[in-house]
Amino acid sequence: MNHDAFELGLDDINNAGVYSVTNDDIGPLSAAMRDAGLRVATIDLAGCHDKRTLLARIAAQLDFPSSFGGNWDALSDSLRDLSWLKADGHALFFSDADGLKADATADFDTLLDVLDETSQAWSAQDVPFWAFVALQE
């Protein structure tokens, strides 16, 4: 499978955004993102059922500064900066997100909002920011 199967158009920054995928899609899609020159990070959400764990996993995987506040505003600020991760663009993969969606629906929805706003902010700077959330559905 290649990125064309997803019909994302990696060459068009306007297509960057938040997408739902399956865990099986992560491998080939992350390879396509690497081939496109983006920095790829996978955040494993298996067993993640609350905001605190979610934010800790994102912060650890993206090596957030020690000053990270551990709240939604801090997540938004950190994702919109990422200056410590030199890259031409970013692709985040959230694997096994079903538990978070089922057990913390409001937090799951807030995460999607933060990711969408972040993608739009990066796009305004002509930098692609993609987020893929793996769900069984």
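Suppose we keep only residues that are charged (D, E, K, R) and surrounded by fewer than 14 Cβ atoms within 10 Å (Cβ to Cβ) within segment 65-85. Which one would you say is modelled with the lowest pLDDT?
The initial filter retains those residues of segment 65-85 that are charged (D, E, K, R), namely 73, 77, 80-81.
Applying the additional criterion that residues be surrounded by fewer than 14 Cβ atoms within 10 Å (Cβ to Cβ) yields 73, 81.
Numbers: Asp73: 97, Asp81: 94.
By that ranking, first place goes to Asp81.
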Subject >> Subset of segment 86-118 that is part of a strand (DSSP E or B) and not aromatic (Phe, Trp, Tyr) - its residue that is surrounded by the most Cβ atoms within 10 Å (Cβ to Cβ) >> reply: Leu92
**OP:** Answer yes or no as to whether Val40 is touching a Gly at 6+ places or on another chain (Cβ under 6 Å), within 21 Å of Leu10 (Cα to Cα) and not charged (D, E, K, R).
**Re:** no
Original post:
Filter segment 20-36 for residues that are surrounded by fewer than 17 Cβ atoms within 10 Å (Cβ to Cβ), over 10 Å from Ala91 (Cβ atoms) and of a type outside the set (Asp, Glu); which is nearest to the chain's Cα centre (by Cα)?
Top reply: Ser20
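So for segment 83-96 (the condition being of a type in the set (Asp, Glu) and touching a residue at least 24 places away in the same chain (Cβ under 8 Å)), does at least one residue qualify?
Checking segment 83-96: at least one residue is of a type in the set (Asp, Glu) and touching a residue at least 24 places away in the same chain (Cβ under 8 Å).
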**OP:** Give the residue, chosen from Leu54, Leu62, Leu38, Leu45, that is of a type in the set (A, V, I, L, M, F, W, C) and at pLDDT below 95.
**Re:** Leu38
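The values are calculated or read from the model by the stated rules, or taken from the named source; none is laboratory data. Note that the structure is a prediction, hence the values are computed from the model and not measured. Cβ atoms come from the backbone with ideal geometry, glycine included; neighbour counts cover every protein chain shown.
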